[in-house]
Amino acid sequence: MSEALARVPALAAQHLLLALAALLLALAVALPLGLLAARRRYLGAAVLGFASLVQTVPSLALLALFYPALLWLSALVGGGIPALGFLPALLALTLYALLPIVRNLVTGLAGIDRALLTAADGIGMTAAQKLRWVEAPLVLPVAMAGVRTAAVWTIGAATLSTTVGQPSLGDLIFAGLQTQAWTLVMAGCVGAAALALAVDALLGFAERAAGRRQWRRMAAALALLVAAGAAASTPLWRGGGDGGRTVVVGAKNFSEQYILARLIGARLERAGYSVTYRDGLGSAVAFGAVASGAVDVYVDYAGTLWTGAMARRDTPPRARLVAELARWTERSRGVTLLGTLGFENAYAFAMRGADARGRGIASLDDLVAAAPRLRLGADLEFLDRPEWAAIQAAYPLRFAATTPYSPTFMYRALASGRADVISAFSSDGRIAAEHLIVLSDPRGAIPSYDAVLLLAPARRDDARFRAALAPLVGRIPVAAMRSANYLVDRDTDKKSPEAAAAWLASKVGLGE
């Protein structure tokens, strides 16, 4: 718990900064839109309809959609627009905050007694004077209620910004869910809830002050909120002239990635770099991050890039696949493939040992006939990946049901009987620990998945950076990786990714 709590302040500051920036931007957009919507009914219907439509899109999907949109826009204008991190999260959360602000503003303006507006016209007030002296004071309490709702929604949705590379309290929640470290989940949830309650309390005080025409108290509450945002942004003010000594290590959203990221980070710290982590990235987002320089280094898998980024459907031998991949990443994106780590983490269909033996299933060919009576549990990406399409083309698998799970819960689904087959990972320690049988692939539909170390373009000529990581190449056998993974994934006496990374370094002779 102490380790989890130690991470909360820095993540809470970035979480608050993102949420307040999105709220301010939403206010800047919503206030003129709300005024126009209240003045012109036809426009009001369109504005409220759009804001309501945005709310029907799940916030996670809205965040994800800004990644390809910003990539396309950056390519259109010749680069320079970050598709990862703060900007996509800011834009998505801004859209998400619009509806309650616009709706309350329109409702408040529509509810003003028409006699007051007629009297204002009668004494010769201009439209601007009428807005300032009559409408704004009357509508402010109602509008503030909308801002409070938007603030709470935005702080809650900001936990999902982890998926697009923006640090937040969601880092703790996602990492905790994947590794079953419930103290991390609790720390992230409690931190986000505390932020939401604190911001709501300040805005509630401002709302009550506005209702009583206590403008100084309202201004004080809002000033305190702005000051909190300014304090959260102080890391952005510090000079960046560290000669490239601050590096970002990326990781996808499962235990092995967290462990390898900490192993890499520890080596870079010993080489004199200051390290931060971007965890919980999706496959396409992670590669885009290293290509854009938002991430300096991360571990990916050859087959993932081969079928995803390269859109290849053939399955050449491992050595040739890695060599072609290295040439492609360098030529097309400027990304350096430093080398393979020494183990493969391939997709592999697995079953409970007794169940597979009882059904006489040892290969994917055997699985074809039994599949209509079985349920497949897959990780969150697998069913939409090209590998699944290639496997279906090679083996006409038709399962009774297919259900996606996060990796940790996928194994639990198999153990509990909710799934009969899972798309496991060959370097996962739970395969041996839970006595699972991995089905063979006699038709060679699944490509090789050597773990490869990828460097951002800016790190290609950084000799110290490369020297710190070069000893990892070819050094980690699959048995050691499985054991390290199981230290994090097992149910009892669990270790943190940091502890597992330290154990792995010692195991393969890379400790201090």
Worksheet item: Residues that are touching a Gly at 6+ places or on another chain (Cβ under 9 Å) and not assigned by TED's automatic domain parsing to the domain that holds Gln178: which helices (runs of 4 or more DSSP H) entirely in the range 410-500 hold 2 or more of them?
Response: 463-469, 478-489
Worksheet item: Considering only residues of the range 327-356 that are small (Gly, Ala, Ser), touching a residue at least 12 places away in the same chain (Cβ under 8 Å) and over 20 Å from Asp428 (Cα atoms), which is surrounded by the fewest Cβ atoms within 10 Å (Cβ to Cβ)?
Response: Gly334
Worksheet entry | Residue list for the range 381-402, restricted to those being surrounded by 15 or more Cβ atoms within 10 Å (Cβ to Cβ) and either outside any helix (DSSP H, G or I) or among the β-branched types (Val, Ile, Thr) (or both) | Glu381, Arg385, Ile391, Tyr395, Leu397, Phe399, Thr402
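Per-residue answers, yes or no, for (1) at pLDDT below 90; (2) touching a strand residue (DSSP E or B) at 6+ places or on another chain (Cβ under 8 Å); (3) among the aromatic types (Phe, Trp, Tyr):
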residue	(1), (2), (3)
Leu453	no, yes, no
Ala458	no, no, no
Ala463	no, no, no
Ala468	no, no, no
Ala484	no, no, no
Arg490	yes, no, no
Ala499	no, no, no
Lys507	no, no, no
Leu510	yes, no, no
Worksheet item: Within the range 21-30, can one find any residue that is free of Cβ contacts under 8 Å to residues at least 40 places away in the same chain and touching a Leu at 6+ places or on another chain (Cβ under 7 Å)?
Response: no
Worksheet item: What are the residues in the range 121-166 that are surrounded by 20 or more Cβ atoms within 10 Å (Cβ to Cβ) and in a loop (DSSP other than H, G, I, E, B), if any?
Response: Gly165, Gln166
Item to complete: Considering every residue within the range 254-268, establish whether at least one is touching an Asp or Glu at 6+ places or on another chain (Cβ under 6 Å) and either within 25 Å of Asp489 (Cα to Cα) or in the same structural domain as Ile476 (by TED's automatic domain parsing) (or both).
Response: yes
Worksheet entry | Qualifying helices (runs of 4 or more DSSP H) (wholly inside the range 2-108; at least 1 residues being within 22 Å of Val226 (Cα to Cα) and out of contact with any Cys (no Cβ under 8 Å at 6 or more places or on another chain)) | 2-39
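The values are calculated or read from the model by the stated rules, or taken from the named source; none is laboratory data. Quantities reported herein were computed from a predicted structural model and do not represent experimental measurements. All Cβ positions, glycine included, derive from the backbone under ideal geometry; neighbour counts span all protein chains shown.
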